[in-house]
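J.: Could you have a look at this structure, given as structure tokens, before my questions?
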Amino acid sequence: MYDVIIIGAGVIGASIARELSKYTLKVLVIEKENDVCEGTTSANSAIIHSGYDPEPNTKKAYYNVLGNKMYDKICQELDVSFRRNGSITIAVDDEEAKILDELVERARLNNVEVKILNQQELQEIEPNITKKAIKGLLAPTAGIINPFELNVALMENAMDNGVELSLNDKVLKISGEFGNYQVNTTKSVYHSKYLINASGVFGDEINDTINKSYFEIKARKGEYFVLDHFDNDFIKHTLFNVPSSKGKGVIVAPTTSYNYIVGPSSEFVDSKDDVSTDYITLNQIKKSATNLVDNIDYSKQIRQFAGLRAVSSTKDFVIDSPKKGFINVTGIQSPGLTAAPAIAIDVAKFIEEKELKVTYNPRRKPIVRMKNLSLEERNALVKQDPRYGNIICRCEKISEGEIVDAINRNCGATTVKGVKKRVRPGFGKCQGGFCEVSVVNILSRELNKNILDIEYGKKGSNVVSNKMGGASND
Ligand SMILES: Cc1cc2nc3c(=O)[nH]c(=O)nc-3n(C[C@H](O)[C@H](O)[C@H](O)COP(=O)(O)OP(=O)(O)OC[C@H]3O[C@@H](n4cnc5c(N)ncnc54)[C@H](O)[C@@H]3O)c2cc1C
């Protein structure tokens, strides 16, 4: 019997798991995929929003503003890449300029610092901004984060503090009541006193297996371009179009690893698994982005991706307990990444009997990032462990030592994509063309698994289909 079962290991489930790991509770997280961070948390704009945009007095506004303030400490404790680079929303005509003035009032109501910039100030602060820009809204507290690192780190730290994680385990049905909920999954039958539904776009379906339906979640897709590194100063702030009824609009933004992303689109889709990208939508994104930056070099693009917003019929986050001991934390669309740690604190309040654990450690073991070390530091590390001198990913300069570490930690990688999400081999220009075979071999060796069983990402995506005669397993 568990005290708490959490369904879903995205940023919401993982944040709640870490928060609950502070207490003497027996907690299990159940995830249907073969890794954490496989849903919406893996495909978004990666912005820690300042909070001027959400409608005042909504849960979105409340948790956005609180969550934003928590990120410096969290990222320090968990060694997650994060930069407060600030955001600028750009108006290119009088109508858009009027909307910026309305946003200043929203910012005041949400208690968020913003500043209006004129055309000259915009060009001074960001020389590559479009010459069409007539006015901008600067939000200095906005930041950018690595969402993969964040989701993995939250779960790793929760596990370091005693939380259990069951992967490849899809929840099929839930039943029972407070004190003894029953969770039937593809792997087992679990029991818990409390049950938390953090299953993202599928949150309404999970709720409906135990409760009367009281909200619906539709998936709204956002597609993006990813550009390679080319100039760390091309754009320093996150640049936004003026928001509309369809959302925050297109952005051009640097990432924590100095790539650039351009997107997202915003279209409802029928399937909650549809993360395809298409030429027409991507071309519309290019058009919207010309209202931010004129000279984006799309020859630098290395990938496209798409994520699904969990749009709730309540028009706000669904965070409540419709039945004693059963808590819905779903319909968490943007700014959910930002809001996650603040939401987790309030969700923990639903768990009545709990005591703080004296052994709780908020810090996770730091990550070695060879690329960021000085020559002396690198040499010292290679002397200790020569695997840090064996560069596997030449584009992102990732060593064997870093990959081995990503596999052998709590919440470690078990797939090629899992390694990529944690330490970046395959994120570069060649998209894994050179390093993928080596990563497969390292996974096979470290996990003591037959090479034929190593998957790229999702279950069944085995990379090697057959061994040629005489090939070894290393
Ligand atoms: C295009 C786009 C841009 C965005 N940009 C930003 C941004 O810049 N800043 C920001 O703050 N927010 C942003 N967001 C929002 C943010 O990404 C989400 O709010 C957040 O990732 C939601 O996390 P989650 O844990 O609720 O969902 P998910 O990450 O989807 O996690 C849910 C998990 O539940 C699992 N699951 C589902 N059903 C079951 C089942 N039956 N059994 C077991 N497991 C199950 C899934 O596999 C998944 O891993 C954006 C979202 C999108 C789509």
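J.: Would you point out which residue out of 277, 281 is more than 18 Å from the chain's Cα centre (by Cα), within 13 Å of the ligand (Cβ to nearest atom) and open to solvent by 30 Å² or more (accessible area, probe 1.4 Å)?
T.: Values: 281 fails: open to solvent by 30 Å² or more (accessible area, probe 1.4 Å).
Going through 277, 281 in turn, just one is more than 18 Å from the chain's Cα centre (by Cα), within 13 Å of the ligand (Cβ to nearest atom) and open to solvent by 30 Å² or more (accessible area, probe 1.4 Å): 277.
J.: Take the conditions over 26 Å from residue 93 (Cα atoms) and of a type outside the set (D, E, K, R) and apply them to residue 271. Does it pass?
T.: Details: over 26 Å from residue 93 (Cα atoms): yes; of a type outside the set (D, E, K, R): yes.
For residue 271, the condition - over 26 Å from residue 93 (Cα atoms) and of a type outside the set (D, E, K, R) - is met.
J.: Now a separate question. Is it the case, given these coordinates, that residue 110 is farther than 21 Å from residue 222 by Cβ, within 15 Å of the ligand (Cβ to nearest atom) and over 22 Å from the mean Cα position of the chain (by Cα)? Can you show your working first?
T.: On the way: farther than 21 Å from residue 222 by Cβ: yes; within 15 Å of the ligand (Cβ to nearest atom): yes; over 22 Å from the mean Cα position of the chain (by Cα): yes.
Yes.
J.: Hey, does segment 130-142 have a residue that's more than 15 Å from the ligand (Cβ to nearest atom), of a type in the set (A, V, I, L, M) and touching a Gly at 6+ places or on another chain (Cβ under 8 Å)? Please lay out each step first, then the result.
T.: So the first thing to find is which residues in segment 130-142 are more than 15 Å from the ligand (Cβ to nearest atom), and the list is 130-138, 140.
Keeping just the survivors that are of a type in the set (A, V, I, L, M) gives 133-134, 137-138.
From the residues that got through so far, the ones that are touching a Gly at 6+ places or on another chain (Cβ under 8 Å) too are 138.
Taking every residue of segment 130-142 in turn, at least one turns out to be more than 15 Å from the ligand (Cβ to nearest atom), of a type in the set (A, V, I, L, M) and touching a Gly at 6+ places or on another chain (Cβ under 8 Å).
J.: Restricting the search to segment 287-299, which residues are surrounded by 15 or more Cβ atoms within 10 Å (Cβ to Cβ), away from the ligand (no atom under 16 Å from the Cβ) and of a type outside the set (Val, Ile, Thr)?
T.: Answer for segment 287-299, where residues must be surrounded by 15 or more Cβ atoms within 10 Å (Cβ to Cβ), away from the ligand (no atom under 16 Å from the Cβ) and of a type outside the set (Val, Ile, Thr): just 291.
J.: Among the residues of segment 160-181, is any open to solvent by less than 30 Å² (accessible area, probe 1.4 Å), closer than 23 Å to residue 48 by Cβ, at pLDDT 95 or above and within 12 Å of the ligand (Cβ to nearest atom)?
T.: no
J.: Which members of segment 196-212 meet the condition of being in a strand (DSSP E or B) and either within 10 Å of the ligand (Cβ to nearest atom) or modelled with pLDDT under 95 (or both)? It would help to see each step written out before you state the result.
T.: As a first pass, look at segment 196-212 and keep what is in a strand (DSSP E or B): 196-197.
The answer is 197, and nothing else.
J.: Of all residues in segment 218-256, which are among the hydroxyl-bearing types (Ser, Thr, Tyr) and either surrounded by fewer than 17 Cβ atoms within 10 Å (Cβ to Cβ) or free of Cβ contacts under 8 Å to residues at least 12 places away in the same chain (or both)?
T.: 244, 245
J.: Scan segment 4-19 for residues that are open to solvent by 10 Å² or more (accessible area, probe 1.4 Å) and away from the ligand (no atom under 11 Å from the Cβ) and report the count.
T.: Looking only at that region, the number is 2.
J.: If you scan segment 28-79, which residues turn out to be among the aliphatic types (A, V, I, L, M) and away from the ligand (no atom under 14 Å from the Cβ)? So that I can check it myself, show each step before the final result.
T.: Residues of segment 28-79 among the aliphatic types (A, V, I, L, M): 28-30, 36, 43, 46-48, 61, 65-66, 70, 74, 78.
If the condition is that a residue be among the aliphatic types (A, V, I, L, M) and away from the ligand (no atom under 14 Å from the Cβ), then 78 is the only one that fits.
J.: Tell me whether segment 361-369 contains one or more residues that are closer than 28 Å to residue 326 by Cα and either touching a residue at least 24 places away in the same chain (Cβ under 8 Å) or in contact with a Cys (Cβ under 7 Å, 6 or more places away or on another chain) (or both). Outline the logic, then answer.
T.: Initial filter on segment 361-369 (closer than 28 Å to residue 326 by Cα): 361-362.
Filter once more, so that each one left must be either touching a residue at least 24 places away in the same chain (Cβ under 8 Å) or in contact with a Cys (Cβ under 7 Å, 6 or more places away or on another chain) (or both): 361-362.
Yes, segment 361-369 contains at least one residue that is closer than 28 Å to residue 326 by Cα and either touching a residue at least 24 places away in the same chain (Cβ under 8 Å) or in contact with a Cys (Cβ under 7 Å, 6 or more places away or on another chain) (or both).
J.: Does segment 336-344 include one or more residues that are over 25 Å from the mean Cα position of the chain (by Cα) and under 23 Å from residue 215 (Cβ atoms)?
T.: First, pick out the residues of segment 336-344 that are over 25 Å from the mean Cα position of the chain (by Cα): none.
No: segment 336-344 contains no residue that is over 25 Å from the mean Cα position of the chain (by Cα) and under 23 Å from residue 215 (Cβ atoms).
J.: Additional query: If residue 258 satisfies all but one of (1) on the phi > 0 side of the Ramachandran plot; (2) within 14 Å of the ligand (Cβ to nearest atom), what's the number of the condition it fails?
T.: (2)
J.: Mind telling me which of the residues 187, 246 ends up being at pLDDT below 95 and more than 19 Å from the chain's Cα centre (by Cα)?
T.: Numbers: 187 fails: at pLDDT below 95.
246 is the lone residue from the list that is at pLDDT below 95 and more than 19 Å from the chain's Cα centre (by Cα).
J.: Of everything in segment 40-54, what is farther than 21 Å from residue 88 by Cβ and in contact with a Lys or Arg (Cβ under 8 Å, 6 or more places away or on another chain)? Give them in sequence order. So that I can check it myself, show each step before the final result.
T.: Applying the first criterion (farther than 21 Å from residue 88 by Cβ) to segment 40-54 yields 40-43.
Within segment 40-54, 40, 42 qualify.
J.: So in segment 20-57, with the set limited to residues that are buried (at least 23 other Cβ atoms within 10 Å of the Cβ) and assigned to a helix (DSSP H, G or I), which one is nearest to the chain's Cα centre (by Cα)?
T.: The selected residue is 41.
J.: Moving on. Among the candidates 69, 73, 60, which residue alone is part of a helix (DSSP H, G or I), open to solvent by 20 Å² or more (accessible area, probe 1.4 Å) and within 21 Å of residue 310 (Cα to Cα)?
T.: Details: 69 fails: within 21 Å of residue 310 (Cα to Cα); 73 fails: within 21 Å of residue 310 (Cα to Cα).
The unique qualifying residue is 60.
The values are calculated or read from the model by the stated rules, or taken from the named source; none is laboratory data. These numbers were taken from a predicted model, which means no experiment stands behind them. Every residue, glycine as well, gets a Cβ built from its backbone with ideal geometry; the counts of neighbours run over all protein chains shown. These accessible areas exclude ligands, DNA and RNA; they are computed on the full protein's heavy atoms, side chains included. Shrake-Rupley method; radii C 1.70, N 1.55, O 1.52, S 1.80 Å.
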